[in-house]
Amino acid sequence: MSRKLTVQIALGLSVLAWLSLSVIDLSNQFSASNNLDSGFFGWLPNFLFLIYALSLFTFYKARVDIADRLNLIDLLWKIFVTGMLTTVVSLAIRSLDFVLGGTQLMKNVLVVDFLFLINLGLLAAFIIATLVVWKRLILYQKNKRLLLTWSIFEYVLFGSIFLDFIEIPFIEYFLMVIVALGLVVSVNMKWVAYLSFKQKWKSILLLLLILLYLVYFYINLSTYRELYPYLSLLTNSIFIRAAFIFTATYAIFSLLVILFNLPTTSAFEQKLNEVLNFQRLSQSIQTESSEDQIFDILLDSAVRTVEADAAWIELKGSDKHFLYEITYEDSRQVKATISETDLSLNYKSFEAGKKSSGVAGKLKGALYKSVAIFPIWVNELQEGSLYLLKEVRDGFTRELVEITGTFANQAGISIANFRMLSEAISTERYKEELKIAKQVQTKLLPLELDTNEDFDISTFTVAADEVGGDYYDSFKINNSQTALIIGDVSGKGTSAAFHMAQMKGVFLALAQMELSPSQFLERANLAISSGLDKTSFVTISYFVIDSKGKTVEFARAGHAPSLYFRKKENKAEYFKNKGLGLGIIRGDKYSNYIQQSTFKYEPGDILVLYTDGITEAKNKNNDEYGYERLLEMVEKNAELSPEKIKEKIIEDLYKFCNNNPLQDDYSLVVIKFK
Amino acid sequence: MVQINTKKDGNMVWVTIVGEIDASSSIQLDECLKEQLGQDKPAIAVDCTDLSYISSAGLGVFMSYIEDLKVNQQKMALFNLNEKVSNVFKMLGLDQLMNILSGKDATIKFLNEE
């Protein structure tokens, strides 16, 4: 059932109950005054009153629940308005009574009873409205036990309406029990603590008025009963009495508690403010996008906490100033006077790097009479200072200095965290970029090199860092000629990887021009030199395998000499042709330093290309793998397929290094002719 | 780790390299050589007797001054390289562009030639 519907039904029901109650009571009065038996059961009025009370309770509860976001003052305001309405109506009736007093009309039992019933209904409505709000206030900060106590109280209170049905002895004791229960729940006044100073004054006023209404109703009903003793309905109702006493008690308690709380409210509010400011500073690391914003918050929080008249933050090694109600020039002037005062000693102590949280002192200036200075420490370094100024003497108590000191510290931590976070993010980004670079580079190295019916190739490569500077590739120049390249860029890591990518571009562009190896090197030198810095170079070896003439033409540009195994001689040896790395000299004289060679190949011959990472791989004793070991491995395994030869060499290399971390990139290309 | 000492002796300066030149220590070598460079500065003799290893970064340093030396008409010679180090120079082809000699006397003689 929706709340709005509940409100309407409850309201309707309560009106209906009250009307029925009135009719029955009036007829009862009529019967009594005419000595007739009305024939209605004696308990019916009480039952109708129970329905009236319960439906009113439901009505107010639903109303308060609908306005879920009501603050405390609004709640009090609500019952104040209800009280005012009911009182005004009641007063209107009273004035009617006054005007018509003594007339024949007022002597009519039925008229008097009707007016009394209205008054009674109004009182009940007001008390029940107050009850609902009191419940809300008492359960403002609830726990299980409090909820249970309240439920017991509520059930007993409404249950007491049944007691009016029957006449039992010692009923007054029962009233005392309910009142005692009411006292127990009445001690819950936590909501008072959450009122601000202003709200407390408002509450006091509202509570006083509510009490006034209650007193009014009490007097009003009492006089009715005195004047017209025949009005017997609910005269001794435990419910009405208990509810009345409870609402009044809680109102008085609240009033007193608020009154006693008034003097400490400002201190409490300040503490709350401090906590909130502190929280703001702590949160700023997650939400603020710059260090400036953290300084802004520090300045703002500090000024608000100590109620400073002026303030500024200055940062070491920076012209940036964060100013509050002071010009830059004035701040310099104040700073100059600071060093003249007694404060200077303490002030110097944290200027010199000793960790301290803040210092306050007198100021000889014309406008500002007291000053407090706080260092802002970021990772053990003083990055700046916070200056607070007040126009009164001794404006900074020790407590204020301590609190502001913690603010400054918190700001420092926030800044340190902020930096750490930014660093972590950028490191993460670099890692991600490197991962991408690695993926890109993996694609630059071919998975398989071109082969033809004359030879098989097997390759292996590994980089010391995410990306490397080793390069090998092949290109089918025409049906019979295949170009083959192996290269190594000086240095390692990202810069090497860039040059390696450049080298691939140069290779792909030049290889299809059917150049001789020496021409290739010359042009490659020209192309690659411009992109290299003064201390970097690229070494390559370039081969053109001609399957028609069964020859290999090659030239070496400073690259580790290739190894050639001749099956006929069952011997391997390194080529000894001279060469010069690319990027070392620029210009046309380069061709003077290289030498092109040609050899004929026969089935079973093996060409081994590698980068110096292999021959220079070191074990823990700092011994290099060396040329000799490589040569022996090739001779020993010459009968195997290129794939197997490669595996044997790598296996032997790993065994030699024995888990020593890689110092360089290394690559291996094994070509076996058939 | 590397230790580089320089000593001026008459019309030439002696640069003695002791240890290994890798990527990080090559900066030291670079700073040292840069100081010795200049049009009116004496010839440079680099004693490599105790140079046990040189990486490509070290080669890069020597390589980067070839052009400057030529422009300055300043002579520089490396001498007493061990086999491994000498091979590294040769492999890259720097032996064709630089003066790599054996023996102190030969170096003095070479540097004093007009």
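FYI, it's all coordinate maths here, none of it is from the lab. This one's a predicted model, so the numbers in the text were calculated from it and none came from an experiment. Heads up, the Cβs are rebuilt from the backbone with ideal geometry, glycines too, and the neighbour counts pull from every protein chain shown.
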On average, how many beta carbons from a partner chain sit within 10 Å of the beta carbon of a residue in B:85-97? 5
When you look at the Cβ of every residue in A:612-622, what mean number of other chain Cβ atoms sits within 10 Å? 1
Over segment A:72-270, calculate the relative contact order: mean separation of alpha carbon pairs under 8 Å at least 6 apart, over the residue count, as a percent. 34
Could you derive backbone 3J(HN,Hα) for segment A:547-560 from the dihedral phi with the Karplus parameters 6.51, -1.76 and 1.60 (θ = phi - 60°), listing whole Hz in sequence and x where the residue is Gly or Pro? 6, 6, x, 6, 10, 10, 9, 8, 8, 10, 10, x, 7, 3
Sorted by average packing, counted as other Cβ atoms within 10 angstrom per residue and highest first, what order do A:215-224, B:91-100 take? B:91-100, A:215-224
How charged is the neighbourhood of residue A:246? Take every other residue with its Cβ under 11 Å from the Cβ of residue A:246, and add Lys/Arg as +1 and Asp/Glu as -1. +1
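Sort segment B:22-102 into rounded, prolate or oblate with this rule: let a ≥ b ≥ c be the square roots of the eigenvalues of the Cα gyration tensor; rounded if a/c is under 1.5, and if a/c is not under 1.5, prolate when a/b is larger than b/c, oblate otherwise.
The shape class here is prolate.
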Pop out the ³J(HN,Hα) list for segment A:587-598 in order, Karplus 6.51 cos²θ - 1.76 cosθ + 1.60 with θ = phi - 60°, rounded to Hz; leave Gly and Pro as x. x, 7, 6, 4, 4, 5, 9, 10, 9, 9, 10, 9
For segment B:38-114 and segment A:47-64, write down the distance between their C-alpha centroids in whole Å. 107
Shape call, segment A:72-270: gyration tensor on alpha carbons, a/c limit 1.5: oblate
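Using only atoms on other chains, find how many Cβ atoms lie within 10 Å of each Cβ of peptide B:50-56 and report the average.
Partner-chain Cβ atoms within 10 Å, mean over residues of B:50-56: 4.
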Neighbourhood net charge (11 Å Cβ-Cβ; Lys/Arg +1, Asp/Glu -1) for residue A:130: +3
³J(HN,Hα), Karplus 6.51/-1.76/1.60, whole Hz, each residue of segment A:453-469, x for Gly, Pro: 5, 8, 7, 10, 10, 9, 10, 8, 8, 8, 10, 5, 9, 4, 10, x, x
Quick check: net charge around residue A:147, other residues with Cβ under 12 Å of its Cβ, Lys/Arg +1 and Asp/Glu -1? +3
The simple spin-label model distance between residue A:640 and residue A:333, using points 7 Å out along Cα→Cβ, in nm, is 8.9
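Restricting to chain B, what percent of DSSP beta bridges are antiparallel, rounded to 5?
For chain B, the DSSP antiparallel bridge percentage is about 35.
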Roughly speaking, what is the centre-to-centre gap between segment A:646-662 and segment A:127-155 when only Cα atoms are used, to the nearest Å? 80
Expressed in nanometres to one decimal, the distance between label points 7 Å along Cα→Cβ at residue A:151 and residue A:425 is 5.0
Restricting to the protein assembly as shown, what percent of DSSP beta bridges are antiparallel, rounded to 5? 85
Peptides ranked, highest mean first, by Cβ atoms within 10 Å: ranges A:244-254, A:21-31, A:461-471, A:311-321: A:461-471, A:244-254, A:21-31, A:311-321
Please list A:260-269, A:135-144 highest first by mean number of surrounding beta-carbon atoms within 10 Å per residue. A:135-144, A:260-269
Taking H placed 1.01 Å from N in the peptide plane, check which residues at least 5 places from residue A:616 or on another chain put their amide H under 5 Å from its amide H. A:626
Average Cα contact separation per residue, chain A, under 8 Å, 6 or more apart, as relative contact order %: 8
Under the helix-only model (-39500 (n - 2.57) for each DSSP H run of 4 or more, divided by the residues of the protein assembly as shown), the mean residue ellipticity at 222 nm, to 500 deg cm²/dmol, is -18500 deg cm²/dmol
